[in-house]
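Data block below; observations after.
Only the coordinates and a few stated rules stand behind these numbers; no lab work does. Predicted, not measured: the structure shown is a model, and the values here were computed from it. Note that we place each Cβ from the backbone using ideal geometry, even for glycine, and neighbour counts take in every protein chain shown.
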Amino acid sequence: MQPLRSSEGSASTLVEAPGAAPLVGAPVARLDAARLLRGQGRYIADIERAGMLHACFVRSPHAHARLGAVDGAAALALEGVVAVFAAADLPHQPLLDSVRIEGLRKTPQPALASERVRFHGEPVAVVLASSRARAEDGAELVRVEYEPLAPVLDPEAAAAGAGPDLFEGGNLLYRGEIVAGDVEAAFAAADHVVSARYHGNRYAAVPMEARGCVAEHDPGSGELTLWCSTQGPHQLRRRLSQTIGLPESHVRVIAPDVGGAFGQKIPAHAEEVAIALAARAVGRPVRWIEDRLENLLAAPHAKEQLIETELALAADGTFLGLRARILGDAGAYSHNSTSALIEPYLSAGLMPGVYRIRDYRCEILAAVTNKSPVAPYRGVGWTAGHTARELLIEKAARQLGVDPAQLRRRNMVDSFPYESCTGMLYDSGSYVASLDRALAEIGYEELRREGGPPAAGQPAVGVGVSPYVEPTGWGSDGALQSRWSFASHDSVRIEIDPSGAVTAAVGTPSQGQGHETMLAQIVADGLGVELDRVRVVSGDTSGTPISTAGTRASRTAVVVGGALALAAEELRAKLERIAAYLLDAEPDQVRIEAGRFAVAGDSAREATLREVAEVAFYDPALRARLPDPSLSVSRFHDPPASYANGCVVALVAVDVETGAVTLRRLLSVEDCGTVVNPALVDGQVRGALAQGVGGALLEQVRYGADGTMLSGDLRRYKLPKATDLPAIELHHECSPSPFTVNGMKGVGESGAIAAPGAVAAAVADAVAHLGVEIESLPIDTDRIVAAAAAERS
Amino acid sequence: MKSAAFAYHAPAAVGEAAALLAAHGERARVLAGGQSLVPLMHRRIERPEHLVDLNRVAGLDRLEAGPEGLRIGATARQRQVESDPAVAARWPLLAEAIAEVAHPAIRNRGTVVGSLCNADPSAELPSAALALEGTIVAAGADGEREIPLADFFTGPGETALSRSELALELRLPAPPPRTGSAWLELARRGGDLPVAGVAAVVSLDADGRCERVRLVCANAAPVPLDCRFQAEALLGAAVDEEGAAAVGAAVAAAAGPVDDYQGSAVERRRVLAVLVRRALLLAAERAGGRS
């Protein structure tokens, strides 16, 4: 093995091929790096099948319309166009959200729109041709009759019943409440009440590889195979089975390399169902590669919420109670990723955050509008709620004239386990320590001393603190604590073949996180073998055990890693029994280390893993000692909930004459319990922070008054670029979970949750002297410029 | 995002290219760096039937700085111009403006002349080149002609070139002594087209008084907005905060910016006033520093 270098600049430790030292905790270089960097990855666009056709969707140009006839004759007349299918050509059951929550109405979503289109970009027909270019030529010629309807765009108006109904029963899909303690008494006893409004922006996840799939139907076996850029192959298999009407035994879903997903690839997408149906109907394999314009227009959006908050405080700054109203803009369908509640429900459950709040009431609403549906995106639900709460606390600190970091600190949860008033059991954490560490690292005291309005011609400088708690490692218990009844368990299998090689099969594919490496480290340590002996396979429903939820909710390390650690322990015990037979020793005398078995106190008696595997498979006499010597262990795992925490701090400079915001420093203290691979953790933290900064300063899905998309390319939907970010400063605390295997917690979403609040709070701090409140993101810099101009004149 | 079908031509000489344009006129587009045209073709917003690729025409990538001035050929890359020591020394405004155009990977392919022909009023190079009083040399079926940039930009994406004409090169005159310049812009992200941008060129006399000034604003009008009239209020005196601010206010009043995805017209006027003031002061300071 080649020497490995940690990703951390300061810790340029070379990690040699580890021998007996534990791999868990080491910054092992990614096992997939060489393959991916050399262009040897295999993504959907690399998959070719004999006779394969290429698909292009005809998409609605209207936000809301009655759908009339679809005429593909002119397209079919083009050379190379093989088929044009509309909804009526591909009968199927619609997609439905799968959660069971009382009072939540269902909104059936067809694979191709029929009778009605409900958002700009909704697929109406699909053209199959000899090339994608020719399919696009054909799509231009498909004639579709539309009778436009008034679009419903404002979620408040939708919730209030205004505008034409998207579905029977109205546009408000859900209204409910969380009540904890006696919030009215808490407010009655308050010395201060501070209220705020926040409009959390509509995001697009923008994975580098957009969506896509290849479908092939085998008429002989009746099997449908879908290669798909997905996070959840088993979940997608289930949805395909339900919509298409094949048993799951006859649906095979394969996730090859996936180039980013961030939650957008959790749902079964209408297009994927349509491609599967089209391939069966046309009798040839079909490939669909979504382009960037389609992805921004029609792939699910995320995160938009309208939030009103109210905080009751005692004279000394103690938080007494919290009230909130959260309205989620679900877009056109209650999406099958979970439902229209995915944003407001999760937001409401975590609204108390890291603070001791016992008296809490939150009204939760979800409405449909004529926009692309909302699905998960990194930090799902929590980004908007966290940002709203932290901006509320900033405002409270300003109104009370106290330091915002100290106000937070005085109200923080500081003993564990702690059950929040919404029923989350915070297992362990370093809430206060992470805040203190972050303040020390940024030099907070000094920054506050220098604070105040800027001198003429100088930028306004501000600092923002955003401590977070993050539900991670979702098994079914974690989901339940976030108020979802949601099967979120995994099974895994570890096998050793006669050559002594180890294969770990898991149901959670990687989308670039480095799971293969992290899981191999756990397996190698658990078995006592070398890292390069372990191969991790995932993502093929025909060969990997079931993951009901797939890769989501920062759950792979805790649930799948935990399952593998348990399976490895069992398999190791079995190996040591077989080795004892081979070496003529007692099992408790035999130990495996780095792939070699040794007998305690007798260095002459040794065996390799290969020799032990040979015996297990090919020595019939072994069965007298061990009736089942098979070297295959399967393990089910559904761990208790765990909660990561940390603190993000941003330092900004605002040019109040132009509105330009410069992010001078961005610092994060992360605590995800026991770390399997610090290099991978740092990569996760960095990526999420970048996406959080994007949401704070730049990113916004925009629709025009007629409901057509205004941010449909990467010039208009502004992702942050490397040049827009400072060098990110990372620090770590470690509070292992008492409830999970190895004390692991999940990681990967914290920056997306907490960075928008940090940056927004920093800007609010910088421009406080102008009386500008931040009530929406991305920051409207022109409001700052206008306020500064008004102050000057 | 696949282009509609087109015929591809790769002429080896200017005459051959001009003949192709003469033959195909409106149905042809010229390809130099392709950084704007090709994405538009992939979106089928541009649907040329014929694409005339200049990259194989020998000599068009020239970049020559002489006593008369600077000549930049039609296929000279932005990165090449930006990195040229003579450009940095004598036409620093150009290098400063190019550095704000997208990112190095795009500037490695994108051309200066192509950006001018693209005539995006929000882009850096049309405004910067106009402030430097550039001239386009165009070739058509009837031979060559010179078009001063003051007459070149006729609207968003529109120029004085006929569809059968080809821009061969940009010529920039040598700047006078004691000249300083500045390109300032507000962009939402590094590499974005500016919300608003300003090119200022100030020449001082031996006593430090403003002797000559050129000021052009990007994204302030349907074409690069020549604000020389407003800026010439500074002539005959040292450029100071008050004078520069007055020019800024006058430019903001005279500009006709639009509302678009980057910002509102109101915001643009506010920002233009600030950038004009800062750019004039910075250019004057640099002019003084060089004397």
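Global size of chain B: 19.0, 62 Å for Rg and Dmax (C-alpha atoms, Rg to one decimal, Dmax whole). With neighbours defined as other Cβ atoms within 10 Å of a residue's Cβ, the residues A:R408, A:R783 order from fewest to most as A:R783, A:R408. Classify the protein assembly as shown as rounded, prolate or oblate, taking a ≥ b ≥ c as the square roots of the eigenvalues of its Cα gyration tensor: rounded when a/c is under 1.5, otherwise prolate if a/b is larger than b/c and oblate if not. Judged from the Cα gyration tensor, the protein assembly as shown comes out prolate (a/c at least 1.5, a/b above b/c). Protection proxy ranking of A:338-349, B:185-196, A:111-122, B:126-137, by the mean of other Cβ atoms within 10 Å over each peptide's residues and highest first, is A:338-349, B:126-137, A:111-122, B:185-196.
Shielding of peptide A:709-715 by partners, expressed as the average count of other chain Cβ atoms within 10 Å per residue Cβ, is 2. The H on the amide N of A:S334, modeled in the peptide plane, is under 5 Å from the matching H of A:T107, each at least 5 residues off or on a different chain. Stretching A:L36 away from A:S195 to a fully extended chain increases their span by 52.3 nm, per 0.36 nm per residue minus the current alpha-carbon distance.
Helices in chain B, meaning DSSP H runs of at least 4 residues, each add -39500 (n - 2.57). Divided by all residues, the mean residue ellipticity at 222 nm is -9500 deg cm²/dmol. Couplings 3J(HN,Hα) for region A:680-687, derived from phi with the Karplus relation 6.51 cos²θ - 1.76 cosθ + 1.60 (θ = phi - 60°), are 5, 4, 4, x, 4, 5, 4, x Hz, where x marks Gly and Pro. A Cβ-based charge dipole, computed about the Cα centre of region B:7-53 with Lys and Arg at +1 and Asp and Glu at -1, lands at about 220 debye.
The residues packed around B:A255, meaning those with a beta-carbon under 9 Å from its beta-carbon, carry a net charge of +2 if Lys and Arg are +1 and Asp and Glu are -1. Seen from all directions on average, region A:256-317 presents a Cα convex hull projection of 8.1 nm².
Couplings for region A:183-199, taken from phi via the Karplus curve 6.51 cos²θ - 1.76 cosθ + 1.60 with θ = phi - 60°, read 6, 5, 5, 4, 5, 5, 8, 6, 8, 9, 10, 10, 10, 8, 10, 8, 10 Hz in order; Gly and Pro are left as x. When the charge dipole of region B:7-53 is built from unit charges on Cβ atoms (+1 for Lys and Arg, -1 for Asp and Glu) and taken about the Cα centre, the candidate among B:H50, B:A22, B:A12 whose Cα reaches farthest toward its positive end is B:H50. Put in line by how crowded their Cβ is, counting other Cβ atoms within 10 Å and starting with the fewest, A:S735, B:S164, A:S632 read A:S632, B:S164, A:S735. In this Cβ point-charge picture (+1 for Lys and Arg, -1 for Asp and Glu), region A:489-637 has a dipole of about 420 debye about its Cα centre. The simple Förster model, with R0 at 25 Å and r as the Cβ-Cβ distance, assigns B:A99 and B:N55 a FRET efficiency of 0.55.
Please work out the FRET efficiency for the pair A:A157 and A:D780, using the Cβ-Cβ distance as r and a Förster radius of 25 Å; give the result to the nearest 0.05. Rounded to the nearest 0.05, the efficiency is 0.70. Using the Kirkwood radius over C-alpha pairs as Rh, can you work out the diffusion coefficient of region B:63-173 via Stokes-Einstein at 37 °C, viscosity 0.692 mPa s, in µm² per second? Approximately 237 µm²/s, per Stokes-Einstein.
Cβ crowding within 10 Å ranks A:L626, B:L116 as A:L626, B:L116, fewest other Cβ atoms first. Counting Cβ atoms of other protein chains within 10 Å of each Cβ in B:265-271 and taking the mean gives 4. As a size descriptor, the averaged projected area of the C-alpha convex hull of region B:179-290 was calculated at 6.4 nm².
Pairs of C-alpha atoms in region A:324-443 farther apart than 23 Å represent 40 percent of all such pairs.
Rounded, prolate or oblate: which one fits region A:665-793, using the alpha carbon gyration tensor with axes a ≥ b ≥ c (rounded when a/c is under 1.5, else prolate when a/b beats b/c, else oblate)? Taking the square roots of the gyration eigenvalues as a ≥ b ≥ c, region A:665-793 is prolate.
Could you tell me which of rounded, prolate or oblate describes region A:584-662, using a ≥ b ≥ c as the square roots of the eigenvalues of the alpha-carbon gyration tensor, with rounded for a/c under 1.5 and, failing that, prolate when a/b is larger than b/c and oblate otherwise? The shape class here is prolate. In straight Cα distance, which lysines are under 29 Å from A:K106, not counting same-chain residues fewer than 8 positions off? The reachable lysines, counting only those whose Cα sits under 29 Å from A:K106, are A:K265, A:K303, A:K371. Shielding of peptide B:184-194 by partners, expressed as the average count of other chain Cβ atoms within 10 Å per residue Cβ, is 4.
Where nothing but the Cβ of Lys and Arg (+1) and of Asp and Glu (-1) is charged, how large is the charge dipole of chain A around its Cα centre, in debye to the nearest 20?
The dipole of chain A has a size of about 640 debye.
Take the Kirkwood radius over Cα pairs of region B:7-53, plug it into Stokes-Einstein at 25 °C and 0.890 mPa s, and you get 227 µm²/s for translational diffusion. The listed peptides B:49-62, A:368-381, ordered by packing as a protection proxy, come out as A:368-381, B:49-62 (highest mean of other Cβ atoms within 10 Å first).
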